[in-house]
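Please read the structure below before turning to the comments.
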Amino acid sequence: MCGIAGFIDFNGASSEQELEGMTHALEHRGPDGFGTFILGTSTYKIGFGHRRLSILELSELGRQPMSWNQFTIVFNGEIYNFSEIKIELENLGHSFLSESDTEVILHAYGEWGKNCLDRFIGMFSFVIYDSKSEELFIARDRAGIKPLFIYHKDGLFLFASELKAFHKHSGFEKKINTKAVQAYLQYGSVPTPHCIFEHCSKLEPGHYVLTSLENFNFTPQQYWNVYDYYNKPKLTISVEEAKQETERILKSACEYRMISDVPVGVFLSGGYDSTCVTALLQKERTEALRTFTISVPDIGLNEAPYAKEIAGRLQTNHTETECTAKDAIDLIAQLPYFYDEPFADSSAIPTTLVSKIAKQHVTVALSADGGDEVFAGYNRYEMIIKYGGKLNKIPGFARKSMAGVMNLVAAESIPVLKNKYNFAQRYEKTKSILRNTSDQNIMLSVSQLFTEDQINALCNTRFEKLSTYFDSTELKNYSPLAFAQAMDYQTYLLDDILQKVDRASMSVSLESREPLLDHRLIEYVAQLPDELKYRDGSKKWLLKEIVHQYVPKSIMDRPKMGFAIPIESWLKNELRDLLETYLSENKINETGLFNWKEIEKLKTGFLAGKKEFGVKIWYLLSYLMWYEKWGK
């Protein structure tokens, strides 16, 4: 895994020094090597930069930018099935100099053009320049595991793995997109394909761009769409057949992600997803896998005993590290640097901690993200299945009346429930769902924090809605569960989970691999009947049946914990100085975006005991810290 950056400058003004600056801004993504390629023609100047994290082909033969014939590439990611593709290409007359997947991409593109993407199993973003046809080919993997940012204005086209590279180019105009700020307040991140800056975007997952540099046209084309598989008729299949085929795909996905020339480990939380990955891999090995768990017991984040028990059962080489609340809090000041677009998921903190621990022992770690989206593990899916239909039977006026009553009763005044984690936030979302029980509104309600009305009160400009995957009408004849899963795959997974894991792991130069996001898995599981995913009150039923073959249900069956941290408590105590510094009238007015009086009400209410305001305060604080670093 690496960092890539570059430009196509139709004004010819970009310099090699700017290219090097953009590339070196990504050094944390690739500390093992550095390379650039620059070429000027009569109509444009093109520059590619690469920072290398050596994983495959550790010799100089794996160095990038890499050229073959008329093609030059910069590539971030891994093509796990490159050996099979290489054999196919050799049978077609190709010869290779290295054992690098990068070289295979070049030859595959030379042989099949854009259709090479259909052959790749992996995570990737790459850019290829064809000097003969003077064309540019840009592509991103199907799930969006690897990022790619774009800037395009006034004859200057920039691309990079992270936004911070753009700040190193003198032609980059740093102008904040106010609509993106409002979307951030809704979702806690800026939804794809949008970006926090004007004239910037993210290349969407499963998309490519193929354009002539003589007639440049940045129009992404889709080559893969998860909705296509949810739209297929459900398979008529027995439970045993579904289990066997799912396990076969899972094993293949896990084994592919062990391909490496450097040490590999597995994040083991003790939950079903990471246990599945660990069990399937350890079964085929005599050598013990390296597994890693962290705990932060003084904030209640302690799955370590469960992970230790499972590691013992599976006989892995297990590393358990205990961190303190101070270790976690000290990371907060670093977040705006690595998350160089506003990002408010506080689980970025423990994710960075576990990455730091793993990096001390390995260079590659398998994660188990995507299991909830693929196999239906979120609590909200259960809510949709159990209560969606029942709520629709309640007359609209009655539901709206119930929401009105809830407006009069504060979350913190409800006995017992007020002590449940995140109850105040769930309470707020329930009110929105009562007002509108459509599948789309339920997903919007569980995904959004600030409502449009709240944003209008909070911001100096009126709310302008950005088009997102939530607006998609591509799903046909769907069940409520399929709708929720497909929507999460395109939104929450993409813009929150994958962004979090990429930046956290890359902040310490660790490659994170995602076996549960192998496209072959979602293509198959999306076609399975709902009752194999949610059955008899059990979420992720099919995955659990597979795991129970390796680890008894008696060990696994416990409430889901997740990576939650007590952000509300920290904001009132350990982070109080930070809160007072950034949520001040001067800092708020400096942005020119927010209404201080409304923020003051939120801040005062939170400090006076309105716990449900805590996450909103964290969203605002995260934005203001980002703005201090990157927005001025």
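At a glance:
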read-out: Unpartnered cysteines - no second Cys beta carbon under 4.7 Å - across the chain; value: 2, 116, 254, 276, 323, 459
read-out: Fewest-first sequence of 313, 558 by Cβ atoms within 10 Å of each Cβ; value: 558, 313
read-out: Hydrodynamic radius by Kirkwood, which averages 1/r over all alpha carbon pairs of segment 566-632, in angstrom; value: 11.9 Å
read-out: Within-11-Å neighbourhood charge of residue 464 [Cβ basis; K, R +1; D, E -1]; value: +2
read-out: Cα-centred dipole magnitude for the chain, charges only on beta-carbon of K, R (+1) and D, E (-1), debye, nearest 20; value: 2340 debye
read-out: Scattering curve values for segment 198-237, log₁₀ I(q)/I(0), Debye with Cα scatterers, q = 0.15 Å⁻¹; value: -0.55
read-out: For segment 406-508: span of alpha carbons on each principal axis (Å, largest first); value: 44, 39, 35
read-out: Alpha-carbon centroids, segment 137-182 and segment 433-462: separation in whole Å; value: 28 Å
read-out: Solution diffusion estimate, µm²/s, Stokes-Einstein, segment 471-546, Kirkwood Rh from C-alpha pairs, 37 °C, viscosity 0.692 mPa s; value: 228 µm²/s
read-out: Under 10 Å, Cβ to Cβ, from residue 435 - net charge with Lys/Arg +1 and Asp/Glu -1; value: +3
read-out: Relative contact order of segment 566-632, defined on C-alpha pairs under 8 angstrom at six or more residues apart (%); value: 37 percent
read-out: Whole-angstrom gap from segment 583-632 to segment 210-232, using each part's C-alpha centre; value: 39 Å
read-out: Convex hull (Cα only) mean projected area of the chain, reported in nm² to one decimal; value: 28.0 nm²
read-out: Pairwise Cα inverse-distance average, inverted: Kirkwood Rh of segment 508-599 (Å); value: 18.6 Å
read-out: Segment 228-328, Rg to Rh (Cα coordinates; Rh as Kirkwood inverse mean 1/r); value: 1.09
read-out: Around residue 198: net Lys/Arg minus Asp/Glu count, Cβ-Cβ under 15 Å; value: +1
read-out: Under 15 Å from the Cα of residue 86 - aspartates and glutamates, other chains or at least 8 residues apart; value: 57, 78, 99, 101, 103, 111, 118
read-out: Mean Cβ neighbour count within 10 Å, used as a protection proxy, ranking 232-245, 102-115 highest first; value: 102-115, 232-245
read-out: Relative contact order (%) - criterion: Cα under 8 Å, at least six apart; region: segment 2-224; value: 20 percent
read-out: At q = 0.23, 0.28 Å⁻¹, base-10 log of I(q)/I(0) for segment 1-45 (Debye sum, equal scatterers on each alpha carbon); value: -0.77, -0.99
read-out: Equivalent ellipsoid semi-axes, segment 1-95, via Cα gyration tensor eigenvalues times 5, rooted, Å; value: 26, 19, 9
read-out: Square roots of 5 times each gyration tensor eigenvalue, C-alpha, segment 2-224, largest first, Å; value: 27, 20, 17
read-out: Contact order normalised by residue count of segment 15-78, Cα under 8 Å, 6+ apart, percent; value: 28 percent
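Computed from the coordinates by the stated procedures, all read-outs in this text should not be read as laboratory data. Note that the coordinates shown come from a computational prediction; the quantities given were computed from them, not determined experimentally. Please note: Cβ atoms are built from the backbone with ideal geometry, for glycine as well, and neighbour counts cover all protein chains shown.
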